[in-house]
Amino acid sequence: MKNATLHQLKVFAVAARHLSFTRAAEELFLTQPTVSMQMKQLTKAVGLPLFEQIGKRLYLTDAGKHLATTCQRIFSELSEFESVVADLKGLKQGQLEIAAVSTTKYFLPRIIGPFCQRYPGVDIALQFTNHEHILNALLENQYDIYILSLPPDSPEVVTLQIMENPLVAIAPREHALAGQVKVPLERLAQEPFIMREVGSGTRRAIEELFSERGLEISVRLELGSNEAIKQAIVGGLGVSVLSKHTLALEKEDGPLVVLDVESLPIQRHWYAIYPAGKQPTIVAKTFLEFLESDTLEPLSKAIPLIDEA
Ligand code: PGA
């Protein structure tokens, strides 16, 4: 078979399907003598006749039948290879649109960085917004992947747990509760609070915990950004409960401390989710695999989290 060409095999496969050189020629836009010539050369390469003519009809010989099955396998393998190549090409040119809750801005770029290094052709559009807006965007199918805590508990959504998201009480270093052990939640509730805006997942988690315990929070200030809340804490306006990730770049001896409060941290996780009915693009699938891979653990461990004061 060394001298057989892929083109000859293709012509043979069509002629074997039609059991007619004339119809094969029509399908392949070739002349009938060209098909005959190709089959003659292929027969020579095989060393056995592939067709036999009985009366006016053409039949496959045993060798012809075997070659027809072999051709099916070869062409199906080739078409699978073509789709892999198409995927790889798509990956190189792909766009990935991610919507993520605002708190993830403290760690998500550190994950996306190595992903983009590995797949330099992927363009990522990353939109940060709050929990409620993410859920609306999910309903409207606006992005490829959504990253948040507390995903909707629904079979309509595919969820992938990525890493921990502990919510901790944060106060200024000189605060009276700093350094105390197992401060009761009731005691924390007496402090003026700086809260995220309505619609924030962080806010919802805090409200749930305090209301379960029958405690009221006295909100002194409401701010739509974790960074602004941290500045307000440093400014002595109150305390807050935020994701520990918001402290990623804070120094151990910086102006903020994590309080040791009973019932805290609120143990949550980050999830990547997408609608179950949506077929993720190749790029989205690759990103989800990246999140599931061994790469993520060392990355998430490298994200600095300061300890309790
Ligand atoms: P948020 O979400 O940024 O909307 O507060 C964070 C979270 O759900 O933990």
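The values are calculated or read from the model by the stated rules, or taken from the named source; none is laboratory data. Everything quoted here is computed from the prediction, not taken from an experiment. No Cβ is skipped: glycine too gets one built from the backbone with ideal geometry, and neighbour counts run over all protein chains shown. Surface accessibility is based on the protein's heavy atoms, side chains included, excluding ligands, DNA and RNA. Shrake-Rupley method; radii C 1.70, N 1.55, O 1.52, S 1.80 Å.
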If you put +1 on each Lys and Arg Cβ and -1 on each Asp and Glu Cβ, how big is the dipole of the stretch 167-258 around its Cα centre, in Debye rounded to 20? 100 debye
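Using DSSP to define loop residues, name the GluC sites (Glu not before Pro) in the stretch 162-231 whose beta-carbon has at most 15 other beta-carbon atoms within 10 Å.
When the GluC sites (Glu not before Pro) of the stretch 162-231 are filtered for loop state and at most 15 Cβ neighbours within 10 Å, E174, E197, E216 remain.
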For L259, residues with placed amide H under 5 Å, excluding near neighbours: A169, I170, A171
Could you go through the stretch 223-234 in sequence order and give the Karplus-derived ³J(HN,Hα) for each residue, using 6.51 cos²θ - 1.76 cosθ + 1.60 with θ = phi - 60°, rounded to whole Hz, and x for Gly and Pro? 9, x, 9, 4, 5, 5, 5, 4, 5, 5, 5, 4
In degrees between 0 and 90, to the nearest 10, how far off the longest principal axis of the chain does helix 62-93 point, with axes built from Cα atoms? 30 degrees
For the stretch 144-151, Karplus couplings with θ = phi - 60° (6.51, -1.76, 1.60), whole Hz, Gly/Pro x: 7, 9, 10, 10, 6, 9, 6, x
Taking springs between alpha-carbon atoms closer than 10 angstrom, which of A24, A284, A99 fluctuates most in the Gaussian network model of the chain? A24
I'd like the Karplus ³J(HN,Hα) series for the stretch 40-55: coefficients 6.51, -1.76, 1.60, θ = phi - 60°, whole numbers in Hz, and an x wherever there's a Gly or Pro. 5, 5, 5, 4, 5, 5, 6, x, 9, x, 9, 10, 9, 9, 10, x
Just to be sure I understand: of the beta bridges DSSP finds with both ends in the chain, what percent are antiparallel, rounded to 5? 60 percent
Sites matching trypsin sites (Lys or Arg not before Pro) across the stretch 6-66 that sit in DSSP coil, with at most 14 neighbouring C-beta atoms within 10 Å: K56
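What do you get for chymotrypsin sites (Phe, Trp or Tyr not before Pro) in the stretch 9-38 restricted to DSSP loop and a cutoff of at most 15 other Cβ within 10 Å of the site's Cβ?
Answer in residue order: F29.
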As a test question: what accessible area, to the nearest 10 Å², does S79 have when a 1.4 Å probe is rolled over all protein chains in place? 60 Å²
FRET efficiency (E174, C116; Cβ distance; R0 41 Å; to 0.05) is 0.50
S293/L215 FRET efficiency (R0 51 Å; Cβ-Cβ; nearest 0.05): 0.80
Per the 1/(1 + (r/R0)^6) rule, R0 = 25 Å and r from the Cβ atoms of E207 and N136, FRET efficiency to 0.05 is 0.80
Sorted by chain and then number, the residues having a modelled amide H within less than 5 Å of the amide H of H269, at least 5 places away or on another chain, are L150, N165
GNM on the chain, Cα springs under 10 Å; top mean-square fluctuation among L78, L296, L135 goes to L78
Between beta-carbons, use under 13 Å as the cut-off and find the net charge around S293, counting Lys and Arg +1, Asp and Glu -1. -2
For the pair Q53 and T34, the simple spin-label estimate (label points 7 Å beyond Cα toward Cβ) gives in nm 2.1 nm
Per-residue ellipticity at 222 nm for the chain, helices alone: DSSP H runs ≥ 4 residues times -39500 (n - 2.57), over residue total, nearest 500 deg cm²/dmol? -13500 deg cm²/dmol
Run the accessible area of the chain with a 1.4 Å probe and give the carbon-and-sulfur part as a rounded percent. 53 percent
Relative to the first principal axis of the alpha-carbon coordinates of the chain, what is the inclination of helix 282-292, with its axis defined by its Cα atoms, in degrees from 0 to 90 and to the nearest 10? 50 degrees
Angle between the Cα long axis of helix 6-18 and the longest principal axis of the chain, 0 to 90 degrees, nearest 10? 70 degrees
Working with all protein chains in place, sort C71, C116 by solvent-accessible area computed with a 1.4 Å probe, largest first. C116, C71
Counting only DSSP beta bridges with both partners in the stretch 167-258, the antiparallel fraction in percent, to the nearest 5, comes to 55 percent
Amide H contacts under 5 Å for I124, restricted to residues at least 5 apart in sequence or on another chain and with H modeled in the peptide plane, are L96
